[in-house]
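To start, the structure itself, in structure tokens.
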Amino acid sequence: VAHELRNPLMVMRNALYYLDRIVSQGNAIVSADILRRYLHIIDGEIDRQTKIINDLLFFSRNRPRQLTDVDLNAIISETLMRVTMPESVEVHRDLDASLPTIRADADHLQQVFVNLITNAVQAMPEGGVLSVRTRKDGADVVIWVADTGAGIPEEAMPNLFQPFFTTKEKGIGLGLSVTRSLVEGHRGTINVESHVGQGTTFTVRLPVELVG
């Protein structure tokens, strides 16, 4: 964990060092695009650290659910705005306007979708399509988060939701473990289907009326 937190700090320090040199030298030749690129790097590393810290907090504490009437589409839309989205990733959203509000903890569900959407984006380093869809199915609502990324190797699938297991070079392997815990805490289910070289789809099913 210390290693994963230290790396973004070093990246940000290097970016700030470069920006400081530009300012101190009064370099007027540097384009706005270069400045934006370094600011984007810093912003992305802040997002990465924030996710690691949030995953640790959700993993280590047992905060009681704070149930309210939640607009699931609004949470997903807000999450899509919060997650840093590369220009190379195209976002397709198909959110059912007739979706009912559900009894849930809004903070918990937002963490679920931050994790799933962030993972989807990270699975497409060369770009691709992120699709998010919602539908009502009987007494449940169903959410699909899909990417057209590298896919997950078959041998990794049985351990995918285990704490500290990860197939990525960066990360501490808590995101999906936390996600499953939060979904199951709402008496819901989460499933994954993946094909190497084609992409991955996570399906979250939540009850409209949470009981117990």
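The values are calculated or read from the model by the stated rules, or taken from the named source; none is laboratory data. Since the structure is predicted, the reported quantities are computational estimates derived from the model, not experimental observations. Cβ atoms come from the backbone with ideal geometry, glycine included; neighbour counts cover every protein chain shown. Note: areas computed on protein heavy atoms with side chains; ligands, DNA, RNA excluded. Shrake-Rupley method; radii C 1.70, N 1.55, O 1.52, S 1.80 Å.
Rg to Rh for region 71-140: what is it, with Cα atoms only and Rh by Kirkwood?
0.99
Stretch residue 67-residue 46 to full length: gain in nm at 0.36 nm per residue minus the Cα-Cα span?
4.6 nm
Return, ordered by residue number, the residues of region 94-126 whose backbone nitrogen is under 18 Å from a label point located 7 Å along Cα→Cβ of residue 56.
Under 18 Å, as judged by backbone N against the label point of residue 56, lie 115 of region 94-126.
With Cβ to Cβ distances under 14 Å as the rule, what net charge do the other residues near residue 101 carry (K, R +1; D, E -1)?
-4
Kindly provide the helix-only [θ] at 222 nm of the chain, computed as the sum of -39,500 (n - 2.57) over DSSP H runs of four or more divided by all residues, to the nearest 500 deg cm²/dmol?
Working: 5 runs with 92 residues, N = 212.
Counting only the DSSP helices, I get -14500 deg cm²/dmol.
Could you tell me the calculated FRET efficiency between residue 144 and residue 81, based on Cβ-Cβ distance and R0 = 25 angstrom, to the nearest 0.05? Walk me through the numbers before you get to the answer.
On the way: r = 19 Å, r/R0 = 0.77.
For R0 = 25 Å, the calculated efficiency reads 0.85.
Would you mind getting the accessible area per residue of the chain, heavy atoms of the protein chains only, 1.4 Å probe, in Å²?
On a per-residue basis, the chain sits at 56 Å².
Over the chain, what is the relative contact order in percent, taking alpha-carbon pairs closer than 8 angstrom and at least six residues apart?
Reported relative contact order: 19 percent.
In 5 Å bins starting at zero, report the fraction of Cα pairs in the chain per bin as a rounded %.
1, 6, 14, 17, 18, 16, 11, 7, 4, 3, 2, 1, 0
Carbon-plus-sulfur fraction of the accessible area of region 106-165, 1.4 Å probe, in percent? Mind showing how you got there, number by number?
Working: 1350 of 2560 Å².
For region 106-165, the apolar C and S fraction of the accessible surface comes to 53 percent.
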